[in-house]
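Everything below concerns the one structure shown next.
The values are calculated or read from the model by the stated rules, or taken from the named source; none is laboratory data. Since the model is a prediction, treat every value here as computed from it, not as a measurement. A quick note on method: Cβ atoms are made from the backbone with ideal geometry, for glycine too, and the neighbour counts reach across all protein chains shown.
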Amino acid sequence: MEVVIATPQELAVLAADAVEALLRRKPDAVLGLATGSSPLRVYDELARRHAETGLSFAQARGFMLDEYVGLAADHPERYRNVIEKEIVSRVGWAPERVQGPDGLAEDLAQACAAYEESIAAAGGVDLQILGIGTDGHIGFNEPGSSLASRTRIKTLTRQTREDNARFFGGEVDQVPRHCLTQGLGTIMEARHLVLLATGKGKAEAVHQLVEGPVSAMWPATIMQMHPHATVLLDEAAASRLQLAGYYRQTYASKPQWQGL
Amino acid sequence: MNLPRATVGLDIGGTKTLAALLAPDGLVVAQARIATTRGADGVVDGAVRAVQGVLRQAGQDAAALGGVGVGVPGIVDPATGTVRHAVNLGVDGVPLPLARRLADELGVGAVVENDLNVAAVGAAHLLPEPDGRSDDLAFLALGTGLAAGLVLDGALRRGSTGAAGEIGHVPVHPDGPVCACGQRGCLELYASGSAVEALWPPGTHGRSPDVPAPVALFEAATAGDPAATAAVQRYADAVAAAVRMLVLSVDVRHVVLGGGVAQLGEPLLEAVHAALVRQEAASAFVASLALPGRVRLAPGHVPVGAVGAAVLARAIPARPAAVRPAETA
Ligand SMILES: [Zn+2]
């Protein structure tokens, strides 16, 4: 696991560099997309590069991590619509090349299985962008999730629903109770994981992710088992790391050409 | 200008309906599946919901579509998009104008084909020939029955009455058991998925009845069970006979193995290869056909039939069937 500590803007540039390098090497690459505040700067940077340097997503494909169950197709907080607004529409991506789990399916289990098939048929995810919750969740894999789980329905914790109430007019009751999410086993099959975390609120989760024991109590810790995982942190999110000095030193002495 | 548009294909089976969304460049971008509801209204309603499901995954609605294609297990009139007879879907007696009803419900044009034909088209799409050669293949479905869909010189071959590729009912053992079709010793009795169940009945040989017969049989053979090894050889010989029959009839460049048994993947392909090599050893003529190199597996992770249906839907003219101008008297 590679840990980089920098300013939020520098982190966004690094993550965008990784995406751009991938797209230049493999124009039909498969990107894993996350919603949430952490990846926003990355999407801004990618949109800028698309507009200014012509970085093309035309042949690329995207798979979203998760989706609420039961939100109407035109609900602004439906993740599909969020991702459309935050990245898809800004980089000239044909919408049909970006998939998300179908939270309106009548048979959710079937929808999850079909989603796994869609990912497999695309050849798997090349680069997965991730955020992390204060309780260490990635996707909607809340504490206690099986470390080998696949795409499935999950019940949101009270904490997550309260955290997300701000997007639903401050009303917890308006936040859906269930979601579909790629499982930890699904996420782990992506060939490169790039997790972004900023802010003091994420410091404990980041400490657990990087330095804690691998445990379903902190689902993101499974990333310690991934052969190519990059963790991009600002100072605040890195503030509880015990080996922060070592990570800084390692990154500073890394050859320029190597990339993430 | 008529820009290529995305299409949706459906493969409506007796138990489940598979859907695929094909991007304008031909890429399969999403798939969905729902349980099939029997009966005319159930089939139409299920088809609409399957289309909507695969569109939701891609954040699209039907207005973005160039059309919908449907594969149905039964007798279909492709010219009118009518299902005449599909026992597994509970459509018999009154013909179901499926294309028209889907066009009305979804507001886009629809085409309907037999399920084997869409599978053959799907296989040709997913396994393109190099160097711009036209597609030329048989999709051999090893399912409850045994039959093939044919794409010859790049075109779907339905046959003059739609019976092309129904090789399952070619008798191969005149003294064999009576087939449901009334003849004796049809190839289907030896090479279909049902034939595997007869060779290695589910729930026997110490396996749970939940384990599919092909899986149980091939695992037992891998484990060294001599009875299983012999049964695998017998089965592979029958599949090899079907391959030989297809090549000798229409000389297809490829025979693609699909259907339930083909989900075994490589072990099945290896067994069929071995059987073809055995046949070559006995006959210089058979050897000259280079059969082993023609056989391949249907691609995994992709609903081949649904993809083929989506490919057929690309030929639908841009104007939706539902708003076709009235014919002048
Ligand atoms: Zn017969």
- Task: Kindly indicate the residue of region B:27-58 that is within 12 Å of another protein chain (Cβ to nearest Cβ) and in a loop (DSSP other than H, G, I, E, B) and also farthest from A:Phe63 (Cα to Cα) among those meeting that condition.
- Result: B:Thr37
- Message: So if I check each of A:Ala21, A:Ala51, A:Ala15, A:Ala47, which one is surrounded by fewer than 20 Cβ atoms within 10 Å (Cβ to Cβ), touching a residue at least 60 places away in the same chain (Cβ under 8 Å) and in a helix (DSSP H, G or I)?
- Response: A:Ala21
- Of (1) in the same structural domain as B:Gly258 (by TED's automatic domain parsing); (2) more than 16 Å from the ligand (Cβ to nearest atom); (3) assigned to a loop (DSSP other than H, G, I, E, B), B:Ala138 satisfies all except one. Which? (3)
- Item | Criterion: surrounded by 17 or more Cβ atoms within 10 Å (Cβ to Cβ), polar (S, T, N, Q) and more than 12 Å from chain B (Cβ to nearest Cβ) - qualifying residue of A:Ser56, A:Ser38 | A:Ser38
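Given the structure, is B:Val252 in a loop (DSSP other than H, G, I, E, B), modelled with pLDDT of 95 or more and either outside the structural domain of B:Cys179 (by TED's automatic domain parsing) or buried (at least 16 other Cβ atoms within 10 Å of the Cβ) (or both)?
Taking the combined requirement at face value, the residue satisfies it.
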- Message: Anything in region A:229-258 that is closer than 17 Å to A:Ala18 by Cα and either modelled with pLDDT of 95 or more or surrounded by 13 or more Cβ atoms within 10 Å (Cβ to Cβ) (or both)? List them, or say none.
- Response: A:Ala229, A:Thr230, A:Val231, A:Leu232, A:Leu233, A:Tyr251, A:Lys254
- Message: I need every pair where a residue in region B:170-192 that is farther than 18 Å from B:Leu142 by Cβ has its Cβ under 6 Å from the Cβ of a residue that is near the ligand (Cβ under 7 Å from one of its atoms) and in a loop (DSSP other than H, G, I, E, B), sequence separation at least 6 or different chains.
- Response: B:Pro171/B:Gln183
- Of the conditions (1) in a loop (DSSP other than H, G, I, E, B); (2) touching a residue at least 24 places away in the same chain (Cβ under 8 Å), the single one that B:Ser160 does not satisfy is (2)
- How many residues of region A:224-244 are among the acidic types (Asp, Glu) and over 17 Å from A:Pro39 (Cβ atoms)? The answer is 1
- Looking only at region A:124-157, which residues are of a type in the set (D, E, K, R) and touching a helix residue (DSSP H, G or I) at 6+ places or on another chain (Cβ under 8 Å)? A:Asp126, A:Asp135, A:Glu142, A:Arg150, A:Arg152
- Message: Could you check region B:145-154 and list, in sequence order, the residues that are within 16 Å of the chain's Cα centre (by Cα) and away from the ligand (no atom under 13 Å from the Cβ)?
- Response: B:Ala148, B:Gly149, B:Leu150, B:Val151, B:Leu152
